[in-house]
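The values are calculated or read from the model by the stated rules, or taken from the named source; none is laboratory data. Worth saying up front: this structure is predicted, and the values here are computed from it rather than measured. For neighbour counting, all protein chains shown are included, and Cβ atoms are generated from backbone atoms with ideal geometry for every residue, glycine included. When the accessible area is computed, the model is the full protein with side chains, heavy atoms only, and any ligands, DNA or RNA have been set aside. Shrake-Rupley method; radii C 1.70, N 1.55, O 1.52, S 1.80 Å.
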Amino acid sequence: MTGTSNHSDVEYGQRVPPPPGRPAPRYGNDIHVPAPPFYNDPMALQEKTYKPWFVPTVVVVEVIIFVFEMVVNNCPGHDSVYGSCVAPFLHRLSFQPWKENPLLGPTSDTLEKMGALDWNKVVHQNQGWRLVSCTWLHAGLIHLLANMICLIFIGVRLEQQFGFLRVAPIYLISGFGGSVLSGLFIQNNISVGASGALFGILGAMLAELLTNWTIYTNRVAALFNILIIAAINLALGILPHVDNFAHIGGFLSGFLLGFILLLEPQYEWVKARGRASVSKYAIYQIILAVVAAIVLAAGLAVGLLALFNGKNGNDHCGWCHYLTCVPTSSWKCNS
């Protein structure tokens with residue numbers, strides 16, 4: 001899922017050089033790397049960079065939580081109709097039988113106990129915290145590695161460019177937005193994973209390119225790359241046991257947040273050193289940010305209201321279930 005460019009695997013769009021002196025069961029939401037790093041622009045080296053710490057912290061926390069999942073699961077401590085534990089030399093940390101969980105992880109009961117997204121518990125047992133906790137759980141080692149590798153590749157570089165204060169809200173709110181949409185449409189299975197948050201980062205990258213359109217040179221190629229990678233990964237979400245609604249909800253949330261949090265000053269303003277004759281942001285940037293803020297707030301409010309009132313999104317959209325699984329001769333959908 002990588003392309004070619006003059007400088008790296010995928011070019012995110014070369015920025016206009018800054019003027020001299022500028023400071024330089026249904027397991028898992030997904031197990032696919034959403035995108036390679038787009039922010040490999042050599043001009044970025046001349047801009048101010050931030051020391052990334054949020055993304056590395058998230059990775060460490062996710063790994064610790066997964067280890068705790070396996071401790072709680074304790075495969076040798078209970079019998080399974082699917083056979084023996086995988087990697088029994090790990091003792092309490094050994095994985096459930098391959099036929100039960102091919103992602104090398106715990107049982108669905110363990111995931112549910114630890115905070116997986118469960119519509120019934122969220123709506124009827126007042127456990128709304130599961131909308132957040134599910135984004136910190138993973139269905140297996142394969143699921144965890146795929147998501148964390150993805151986060152390192154795209155998250156670290158994004159945090160270097162925009163800093164913690166802008167990247168952290170995108171990650172956290174996108175994960176929450178993905179959970180809300182998932183809860184509205186996936187009501188017969190549990191769901192876990194950080195993929196909604198990861199797709200939010202991808203959506204934010206697309207919005208950043210659009211709102212800062214004038215400071216990039218090869219922007220059309222960059223836009224094409226992002227759209228193709230997003231389309232491919234969303235298309236992979238139609239496979240069974242993948243919660244594509246979390247992907248879509250996370251992507252849309254991140255896309256809107258990108259217009260709000262990732263806009264940058266016009267090149268003309270930077271070149272003019274902020275003189276009053278040149279406005280810092282273009283009118284279209286301000287309009288996009290305001291509209292995005294309104295749409296995001298309204299979307300989350302309506303989604304939460306519908307969710308906690310027990311609404312089923314499929315009742316109002318007869319074809320939407322195909323967005324997360326398309327039945328074929330090779331598999332069936334049981335969402």
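Things worth noting here:
- Number of positions in the range 72-93 that are open to solvent by less than 50 Å² (accessible area, probe 1.4 Å) and closer than 11 Å to THR110 by Cβ: 4
- Residues of the range 76-94 that are farther than 24 Å from THR135 by Cβ and assigned to a helix (DSSP H, G or I): PRO76, GLY77, PRO88, PHE89, LEU90, HIS91, ARG92.
- Residue satisfying all of: in the range 154-196; of a type in the set (Phe, Trp, Tyr) and under 22 Å from LYS311 (Cβ atoms); least open to solvent (accessible area, probe 1.4 Å) among these: PHE185
- Qualifying residues in the range 25-71 (those that are among the aliphatic types (A, V, I, L, M) and modelled with pLDDT under 95) - the one surrounded by the most Cβ atoms within 10 Å (Cβ to Cβ): ALA35
- Top-ranked residue in the range 175-200 [being over 19 Å from LEU236 (Cα atoms) and small (Gly, Ala, Ser); ranked as farthest from the chain's Cα centre (by Cα)]: GLY183
- Checklist (1) at pLDDT below 95; (2) surrounded by fewer than 21 Cβ atoms within 10 Å (Cβ to Cβ) applied to ALA139, failing item: (2)
- If the condition is being over 29 Å from VAL180 (Cβ atoms) and either part of a helix (DSSP H, G or I) or modelled with pLDDT of 90 or more (or both), then the range 244-283 contributes TYR267, GLU268, TRP269, VAL270, LYS271, ILE283.
- Condition check for PHE199: crowded, with 19+ Cβ neighbours inside 10 Å, in a helix (DSSP H, G or I) and touching a Phe, Trp or Tyr at 6+ places or on another chain (Cβ under 6 Å): yes
- Taking the criterion of being in a loop (DSSP other than H, G, I, E, B) and out of contact with any helix residue (DSSP H, G or I) (no Cβ under 6 Å at 6 or more places or on another chain), the residues of the range 284-320 that qualify are ASN309, LYS311, ASN312, HIS316, CYS317, GLY318, TRP319.
- Pairs linking a residue in the range 127-139 that is among the charged types (D, E, K, R) to a residue that is in a helix (DSSP H, G or I), with Cβ atoms under 7 Å and 6 or more positions apart or on different chains, are ARG130/LYS121; ARG130/VAL122.
- Residue within the range 255-268 that is among the hydrophobic types (A, V, I, L, M, F, W, C), open to solvent by 20 Å² or more (accessible area, probe 1.4 Å) and in contact with a Lys or Arg (Cβ under 6 Å, 6 or more places away or on another chain) present: yes
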